[in-house]
Amino acid sequence: MTETGAGPSAESKRVLLAGASGRTGIELLSVLRPTDLTVRGTTRSYATVETLERHGADEVVVADFFEPRDAVTAVEDCDIVYCTVGTPPSYRHVTGSKLVDRTGVINLVTAALASDVSHFVFESAIGVGSSKRGLSLPARLLIRGSLRAKQDAESALRRSGLSYTIVRPGTLTDAPPRGDLVVGEGGDSVAGSIPRADVARIMAAAPFTPAAHNRTLEAVSRAGLSETPRNLADIDWAFDKVDVDLEHPRT
């Protein structure tokens, strides 16, 4: 395992993108595609394999992360894990029953620990744990099961001993990337919305940004702020390591 603060190199590494067929996962594939990283994407359906290959996946694994052995297979030989898995909208977001946000992520964390992964990046959400104030009460009630599941997954990752970055984005939009990031820490920090494309850029850079290691960060866009930000985190993201140009984001 890489020592805290050292961070992996962006040269010739194999990375796992778990949940690559989701909307944030597709954005992250696009960010990673121009790099020297070998990207292994995962999906639960053979029907989406060609789609992931078109978006830049070098390898595709069909996996069900409720099955620990599938998590082990997916993580094998990977240096970095990017985790964007989540449960599609359903009643389970309320009840919290059988959510990949908990079981699947914990299986991935366990597999990553056994495989000597150097860094694990997890997409959580504002509203989880200490950040509940950043999400309205009606919204929290509507997805309370999912929030609890993500909180359990966060806790498991922190306890694992892996080097990690937990990114809690605000309300996700499909708008083009803006680059006007506002990042806070400590839960009671920022609230609002952020394009998925900007979340992908933060996640991509996290393993190569020592200041982001072993931290739980809330992120929104400045244009998406819904209240005055607090407890801001001053992080010099290593966007250059993943060829991200925030001054000229794609449209």
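Tabulated data for the structure shown
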{"item": "Charge dipole (the range 14-242, unit charges on Cβ, about Cα centre) - positive-most of Leu157, Gly22, Ser136", "result": "Ser136"}
{"item": "Charged-residue dipole, Cβ positions (Lys, Arg, Asp, Glu), the chain about Cα centre, Debye nearest 20", "result": "1120 debye"}
{"item": "The range 9-77: GluC sites (Glu not before Pro) in DSSP coil with no more than 13 other Cβ atoms inside 10 Å", "result": "Glu11"}
{"item": "11 Å beta-carbon shell around Pro169, net charge (K/R +1, D/E -1)", "result": "-1"}
{"item": "Positive minus negative residues near Met203 (Lys, Arg vs Asp, Glu; Cβ under 11 Å)", "result": "-1"}
{"item": "Which of Tyr164, Tyr46 has the fewest Cβ neighbours within 10 Å, and the rest in rising order", "result": "Tyr46, Tyr164"}
{"item": "Cα-projected label distance for Ser226 with Ser130, points at 7 Å along beta-carbon direction, nm", "result": "2.1 nm"}
{"item": "Highest-fluctuation residue, Val167, Val60, Val109 considered, GNM on the chain with Cα pairs under 10 Å", "result": "Val60"}
{"item": "Expected-Rg normalisation [2.2 N^0.38 Å, Cα atoms] applied to the range 14-242", "result": "0.93"}
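Values quoted throughout were computed directly from the atomic coordinates according to the rules given, and no laboratory measurement underlies them. Since the model is a prediction, treat every value here as computed from it, not as a measurement. Neighbour counts run over all protein chains shown; Cβ positions are idealised from the backbone, glycine included.
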